[in-house]
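Accompanying notes for the structure given below.
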Amino acid sequence: MLDIQSIRKDFPILQHTIYNKPLVYFDNAATTQKPKVVVEKIEDGYYNVNANIHRGVHFLSQAATEAHESARKKVQQFIQAKSSNEIIFTRGTTEAINLIASSFTDEFMSPGDEVIISEMEHHSNIVPWQLQAARKGIALKVIPVTDKGELCMDTYKKLFTERTRLVSVTHISNVLGTINPVEEIISIAHQHDIPVLIDGAQSVPHIKINIQELDADFYVFSGHKVYGPTGIGVLYGKENWLEKLPPYQGGGEMIATVTFEKTVFNELPFKFEAGTPDYIGSTALGTALEYIEKLGVEAISEYEDSLLTYATSQIKKIEDVKIYGEAAHKSSVLSFLTGQIHHYDMGMLLDRLGIAVRTGHHCAQPLMKRFGIEGTVRASFSFYNTIEEIDIFIAGIKQIKKMF
Ligand code: PMP
């Protein structure tokens, strides 16, 4: 059991009032709030441990290097990867997907080769592939989504051709909350000898990940969605795949030797970390992962599921509310529209009540098109949210509905 009231004290922003109303922060799928330990780690990094890493012989440089590399080990242990060489720090999910799109296409794809994605992808798992389509002539195949918001697995199986080179899908939809059957997706792809990239931006904060059991070839997530800082994220890749991929960017750190005639690249993981990395961010991400590990990821999942179940049952009692995303397996996200009320109006008016939700297309315009809508109102929950906050939210929707 989580002690929510004591947990909330770790997040100073949650004590804020907005327009004289207590803040109800339901925009956790966009970014999470930070516990004090994470912010203190950033402060401590800059005040006490700051020096550029890896190349310095002096004390502070070695201490900063040690902090960065132990954060890498923390990530490795958190997702249960085999080796810390498989953990590459990036700016976030978006950069990690762009890295794979660029390096994988360069090495393994020819014009006409295909990547399978899904209709529920965030733009960051669509556009990088479209850029490669424009540059290299690769093609996209799309797994459709059912009315309930689940992937059509039968169609998925039929999308494989002799030109398929990679599958890239999200673990949890940031709009529908659907938890996709990634184990099955990966195992089907592997039967065709095709590697799989999983976008874990919405899953790592909510469910336990055992990357070796999952057998994903690439897995990516963002620090800021998992209670860590902005500007830092993770690309996990199986060592044998990362070894085969060419570097994404060139610069310092990623080289072993450089002459004007020839450059020899550094070994993993540094081959993919050109330039000075965000070593303060990585260290604070390590602290964020320790924080949620201490609470217990299973306990977090269980509690957040109870919030989602309660919110869903309460919102269903309101006339004219339509929920988008009714998958059998869902996590922490409640997308909806209320009668003819525009999602933007609902979001603005909820804001006046101190309630932060997201409105719009949630960077998933193809999914909006699939459902024939422009956008939704999205409430997304974290372990620091409460049943009382859901009651305030439900009362807010009812109040706004009366105004229309
Ligand atoms: N994929 C999914 C499923 C997301 O929810 C998000 C963030 N909304 C991203 C990718 C992109 O993450 P970031 O902006 O942190 O790179």
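Quick note: the coordinates plus some simple rules give every number you see, no bench work behind them. All figures in this text were calculated on a predicted structure; none of them were measured in a lab. Here Cβ is always computed from backbone atoms with ideal geometry, including for glycine, and neighbour counts include all displayed protein chains.
Taking each residue as 0.36 nm, the span from residue 210 to residue 403 lengthens on full extension beyond its C-alpha to C-alpha distance by 64.7 nm. Computed from label points 7 Å out along Cα-Cβ, the spacing between residue 193 and residue 31 is 4.5 nm.
Give the residues of segment 380-404 whose amide nitrogen is closer than 11 Å to a point set 7 Å from the Cα of residue 19 in the direction of its Cβ. So the set is 400. Model label sites at residue 123 and residue 60, defined 7 Å from Cα along the beta-carbon direction, differ in position by 4.0 nm.
Can you give me the angle between helix 127-136 and the longest principal axis of the chain, using Cα atoms only, in degrees from 0 to 90, rounded to the nearest 10? Tilt relative to the chain: about 40 degrees. Angle, helix 387-403 long axis vs. longest principal axis of the chain, Cα atoms, 0 to 90°, nearest 10? Rounded to the nearest ten degrees, it is 60.
Extension gain, residue 391-residue 161: 0.36 nm per intervening residue step, less the Cα-Cα distance, totals 77.8 nm. At an R0 of 22 angstrom, the distance between the Cβ atoms of residue 319 and residue 369 translates into a FRET efficiency of 0.25. Counting only the Cα atoms, segment 232-314 fills a convex hull of 145 Å³ per residue.
Shape annotation for segment 1-86: C-alpha extents along the principal axes are 53, 33, 24 Å, from largest to smallest. Between 0 and 90 degrees, the angle of helix 297-316 with respect to the longest Cα principal axis of the chain falls at about 40 degrees. If you plug the beta carbon distance of residue 107 and residue 352 into 1/(1 + (r/R0)^6) with R0 = 60 Å, you get a FRET efficiency near 0.70. Look at 258, 37, 145 and count the other Cβ atoms within 10 Å of each Cβ; fewest to most, that gives 258, 37, 145. Computed from the alpha carbon atoms alone, the convex hull of segment 227-385 holds 195 Å³ per residue.
Between amide H atoms placed 1.01 Å from N, distances below 5 Å from residue 141 occur with 115, 116, 117, all of them 5 or more places distant or on a separate chain. Stokes-Einstein, applied to the Kirkwood radius of segment 277-358 over Cα pairs at a viscosity of 0.890 mPa s and 25 °C, places its translational diffusion at 158 µm² s⁻¹. For the chain, the alpha carbon positions stretch 72, 55, 33 Å along the principal axes, listed from largest to smallest.
As a rough footprinting exposure proxy, the listed residues 270, 260, 104, 221 were ranked by other beta carbons within 10 Å of their own, and the order from fewest upward is 260, 270, 104, 221. Put a dot 7 Å past the Cα of residue 83, heading toward its Cβ, do the same for residue 133, and the two dots end up 3.6 nm apart. The alpha carbon gyration tensor of segment 144-288 gives principal lengths a ≥ b ≥ c with a/c of 1.5 or higher and a/b no greater than b/c, which makes the shape oblate.
Estimated from helical segments only, the mean residue ellipticity of the chain at 222 nm is -12000 deg cm²/dmol, where each DSSP H run of four or more residues counts as -39500 (n - 2.57).
If r is the Cβ-Cβ distance from residue 153 to residue 344 and R0 is 35 Å, what FRET efficiency results, to the nearest 0.05?
My answer for the efficiency is 0.55.
Here the 3J(HN,Hα) profile of segment 25-37, calculated from phi with Karplus coefficients 6.51, -1.76 and 1.60 at θ = phi - 60°, is 9, 10, 10, 6, 6, 7, 7, 9, 6, 10, x, 3, 4 Hz, Gly and Pro shown as x.
Of the residues 90, 224, 312, the one whose Cα sits farthest towards the positive end of the charge dipole of the chain is 312 (charges of +1 on Lys and Arg Cβ, -1 on Asp and Glu Cβ, taken about the Cα centre).
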